[in-house]
Amino acid sequence: IQMSGFDFIQDLGLVMLVAAAAAWLCQRIGVPVVIGYITAGILIGPHTHSFALVSDPERIQSLAQIGLVFLIFSIGQGVKLQRLRKVGLAPVLATLAIAAMVWLAVYLRQRWSPESKPVHAAHDETGR
């Protein structure tokens, strides 16, 4: 499936609008904003067939990853450095260690995945 840049931007705009509306509504009724984001994902996603606004699984995966980055960013904005100092160094180091392990796992999975070809194999197939 080829992902068109225009379709992706259009879907991203749609996701942002629905997520913003759901977050605003949740904030107005006193429910955590994350519930609005989850509801928006359910409404837009491919499993709500009668209302699925984005149906390409590849685009949905990309949009979900972008959404996760925005969510983590917004959580990070609420963290104060003074609060981290009070917590101490151990949780910060544990978080960095977990992040390093996740990065290593993703790296190793991509490196030894059956779908990935070594660079020299790709050159052999083309004859170059």
Close pairs from the range 78-102: first without any contact (Cβ under 8 Å) to a residue 12 or more places away in the chain, partner open to solvent by less than 70 Å² (accessible area, probe 1.4 Å), Cβ under 9 Å, at least 6 apart: Leu84/Pro91; Leu84/Val92
Test: residue in the range 14-22 that is open to solvent by less than 100 Å² (accessible area, probe 1.4 Å), touching a Gly at 6+ places or on another chain (Cβ under 6 Å), closer than 19 Å to Ile75 by Cβ and not acidic (Asp, Glu): yes
Residue in the range 85-94 that is open to solvent by 60 Å² or more (accessible area, probe 1.4 Å) and closer than 28 Å to Ile9 by Cα present: no
Which numbered condition Gln77 fails, given (1) closer than 20 Å to Met16 by Cβ; (2) surrounded by 10 or more Cβ atoms within 10 Å (Cβ to Cβ): (2)
Residue within the range 61-75 that is touching a Ser or Thr at 6+ places or on another chain (Cβ under 6 Å) and either within 16 Å of Ile9 (Cβ to Cβ) or modelled with pLDDT under 80 (or both) present: no
Every residue from the range 23-38 that is part of a helix (DSSP H, G or I) and either open to solvent by less than 90 Å² (accessible area, probe 1.4 Å) or without any contact (Cβ under 8 Å) to a residue 24 or more places away in the chain (or both): Ala23, Trp24, Leu25, Cys26, Gln27, Arg28, Ile29, Val33, Val34, Ile35, Gly36, Ile38
Condition met for Ala122 (open to solvent by less than 100 Å² (accessible area, probe 1.4 Å) and modelled with pLDDT of 80 or more): no
When residues of the range 39-59 are limited to those that are modelled with pLDDT of 80 or more and surrounded by 13 or more Cβ atoms within 10 Å (Cβ to Cβ), the one nearest to Ala21 (Cα to Cα): Ala40
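The values are calculated or read from the model by the stated rules, or taken from the named source; none is laboratory data. In this text, all values refer to a predicted model and were calculated from it rather than measured experimentally. No Cβ is skipped: glycine too gets one built from the backbone with ideal geometry, and neighbour counts run over all protein chains shown. Note: areas computed on protein heavy atoms with side chains; ligands, DNA, RNA excluded. Shrake-Rupley method; radii C 1.70, N 1.55, O 1.52, S 1.80 Å.
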